[in-house]
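See structure below.
The values are calculated or read from the model by the stated rules, or taken from the named source; none is laboratory data. Everything quoted here is computed from the prediction, not taken from an experiment. Positions of Cβ are backbone-derived with ideal geometry, glycine not excepted, and every protein chain shown enters the neighbour counts. Surface areas here come from the heavy atoms of the whole protein model, side chains and all, with no ligands, DNA or RNA. Shrake-Rupley method; radii C 1.70, N 1.55, O 1.52, S 1.80 Å.
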Amino acid sequence: MQKRLEELFERLNDLYYTRKFSHLKTLLLEAEPADIAYFLEELEEKDKLLFFRLLPKEVASNVFVELDVDAQENLIKNFSDSELCDILNNMFLDDAVDIIEEMPSNVVKRILKSTTLENRNLINELLEYPEDSAGTIMTPEFVALKQHLTVEEAFKYIRRNGINKETIYTCYVTDAKRKLIGVVTIKDLLLANPSDLIETVMDTNLLFARTLDDRESVVNLFSKYDCLALPVIDKEGCIVGIITVDDAVDVIQEEATEDIHKMAAVTPTDKPYLKQGLLTIFLSRFPWLVLLMLSATFTSLIIGVYEEKLYLITPTLFACIPMIMGTGGNAGSQSAVTITRAIALDEVKFKDVFRVLLKEITVGIILGLGVSILCFLKLMFIDSLYNEVTPLIAFTISLALFATIVLAKIVGAALPLLAKKIKLDPAVMASPFITTIVDAVSLILYCALSLAIL
């Protein structure tokens, strides 16, 4: 794949800079829009507009959609009104909405002015849906068939009206009031007799989403049911759009990236890393670091209270504090990340909290036993070479480690579920906060056990 791309880029580069534009246009018709967009973004600014204008109309809109926001904005500023109109009229409406959402207001006004009245009204309808709802990622461009049509009539209708639709493989059957009553695929139509009615061929076992459903839960249906497209209905049951698998993949990628950022205590951003300025990166990380630093103050206070007492018993107790805190934090993060991902995939709900806790406690006990036994052996045979370690001290530290791991598993599993219940993002409760909470709790537990036993 990489070799093929390198060869393509080399040919594009050679044809462009030797000004063999007729050969270049032929090659552009054969190339993938995403590859062309990647090549265009690597060009110098002065060449980007010229290269884009060389694109055949058949591929220009598809390439424009694949460009990053900055490149799109710069091109729009240099487009004539007719050029912008051509690009928009050959673009699917959901792609146009995605672009509009990223553009400054002056560019948005020009985009809306350049499109047709019908498209403008549809775009405005899509923009009115709440952020992160299914309505924001659907397209109103789909094939709707009537149940009384024959298969032959359906094919004629698809040939007439399907050219500008997002997909024609899956068609939706509606009644006179546009209520969704069935679905039929091209495969179903090809295998049926031309005289068969659509109502005898269609599948009435419908899978659909509603316009206000959360988009993350909706796109999970694609992986669960292997969909290529999913109809979206309004409150009255009328079909208003469809979500295609390419849009679902984009949402899955965005949501996964957002969760990873939150779990790493970074404010999510839509911009690629190399497009982010230093100030943007600073602002996305600084508040979290300050918040976690302040929350870690509790750990410092606990150490300050118990430091002298632990040190008087034996310096080994004080030396093992980082090990106890680190192991507890890692154990809690393991559970938190696992449960957060399970929640995102809709594998776990709040009603499963007791089953989750029972499983994590059991796992915590098994892990705790294994790690604490190894810790005891390490203390007796390695740490004893340079520190004063008695069997009782080693047992106390190992017991505290065992209790810390079990407790960390409970906290790590419970907090994401609790966050979901109170309408917070479970990813926020993952690694950073779990580690801070477990550090404080495990330290109190460790110090209390050490003083009680020793």
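List of remarks:
- For q = 0.21, 0.22 Å⁻¹, Debye-computed log10 I/I(0) when each Cα of the range 387-451 counts as one equal scatterer: -0.82, -0.86
- Antiparallel bridges, percent of DSSP beta bridges restricted to the chain (to nearest 5): 75 percent
- Taken as Cα centroids, the range 91-107 and the range 322-401 sit 49 Å apart, rounded to the nearest whole angstrom.
- Rg over Rh, two decimals, the chain (C-alpha only, Kirkwood Rh): 1.11
- Euclidean distance between Cα centres, the range 31-49 to the range 134-161, Å: 35 Å
- Reducing the range 216-238 and the range 52-88 to their Cα centroids gives an inter-centroid distance of 30 Å.
- With the highest mean first, a sort of the peptides 4-15, 179-190 on other beta-carbon atoms found within 10 angstrom per residue produces 179-190, 4-15.
- Model label points for L54 and L369, set 7 angstrom from Cα along the Cα-to-Cβ axis, are 7.0 nm apart.
- Percent breakdown of C-alpha pair distances by 5 Å bin, ordered from the shortest bin, for the range 27-99: 3, 16, 32, 29, 16, 3
- Carbon and sulfur %, accessible surface of the chain computed with the full protein complex present, 1.4 Å: 59 percent
- The chain, accessible area per residue, ligands and nucleic acids excluded (1.4 Å, Å²): 55 Å²
- Label point 7 Å beyond Cα of T390 along Cβ direction - residues of the range 440-454 with amide nitrogen under 17 Å: 449-454
- Summing Lys and Arg as +1 and Asp and Glu as -1 over all other residues whose Cβ lies under 13 Å from the Cβ of M293 gives a net charge of 0.
- Of the residues K156, K359, K46, the one with the largest accessible area comes first in the ranking K46, K359, K156, computed with a 1.4 Å probe on protein heavy atoms.
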